[in-house]
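First the structure, in the form of structure tokens, and then the observations on it.
The values are calculated or read from the model by the stated rules, or taken from the named source; none is laboratory data. Remember, predicted model here, so these are calculated numbers, not experimental data. Every residue, glycine as well, gets a Cβ built from its backbone with ideal geometry; the counts of neighbours run over all protein chains shown.
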Amino acid sequence: MALVRFNKGRNATLPGLFDSLARDLFDLTNDSAPGSSMPAVNISETADNFRVEVAAPGMKKEDFKIKLDHNVLSISSEKEETHESEENQYSRREFSYQSFQRSFTLPNSVDSEKIKANYQDGILTINIPKREEARQRPARVIDIN
């Protein structure tokens, strides 16, 4: 894992800094087609799990597809909307299409059988628990005989 130092008085929430830290934990891959919109992703780690948050307002949980294949977690979405109206001899047809795909190579320390996802208030949250043996243990004192 990389060691990162912050200068005193500087804001530690630089987007590039987070991206480089996330790349140390996960192999991030952008699989989106040109012209598609890429939602913002936050990745955090605790002693017990990793958490991936995808900002995707205006979507429904049915719009997402989450797949795990050989330790590669892929999140994708396709949403197409069409609106038609006819008023006073005028016809109007509007349509929109949104898609994205993000892939993350998970570390070997995760328990892939216990991954859970939730979508609420425009945020897709994926909790990725660590295996029991990979969880951080508190320090202990060892007696000397």
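Structure above, values below:
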quantity: Count of residues meeting criterion [without any contact (Cβ under 8 Å) to a residue 12 or more places away in the chain and basic (Lys, Arg)] in the range 90-145; calculated: 5
quantity: Single residue of the range 105-122 satisfying the filter (among the charged types (D, E, K, R) and more than 22 Å from residue 39 (Cβ to Cβ)) that is surrounded by the fewest Cβ atoms within 10 Å (Cβ to Cβ); calculated: 113
quantity: The lone exception for residue 3 - which of (1) modelled with pLDDT under 90; (2) surrounded by 10 or more Cβ atoms within 10 Å (Cβ to Cβ) it fails; calculated: (2)
quantity: Criterion violated by residue 133 - all others in (1) touching a Lys or Arg at 6+ places or on another chain (Cβ under 7 Å); (2) in a helix (DSSP H, G or I) satisfied; calculated: (1)
quantity: Among (1) modelled with pLDDT under 90; (2) touching a Ser or Thr at 6+ places or on another chain (Cβ under 9 Å), the one test that residue 9 misses; calculated: (2)
quantity: Matching option when the condition is part of a loop (DSSP other than H, G, I, E, B), out of contact with any Ser or Thr (no Cβ under 6 Å at 6 or more places or on another chain) and modelled with pLDDT under 90, among 32, 36; calculated: 32
quantity: Members of the range 44-62 that are free of Cβ contacts under 8 Å to residues at least 40 places away in the same chain and within 30 Å of residue 80 (Cβ to Cβ); calculated: 62
quantity: Hits in the range 47-104 - residues which are at pLDDT 90 or above, exposed (fewer than 15 other Cβ atoms within 10 Å of the Cβ) and β-branched (Val, Ile, Thr); calculated: 72
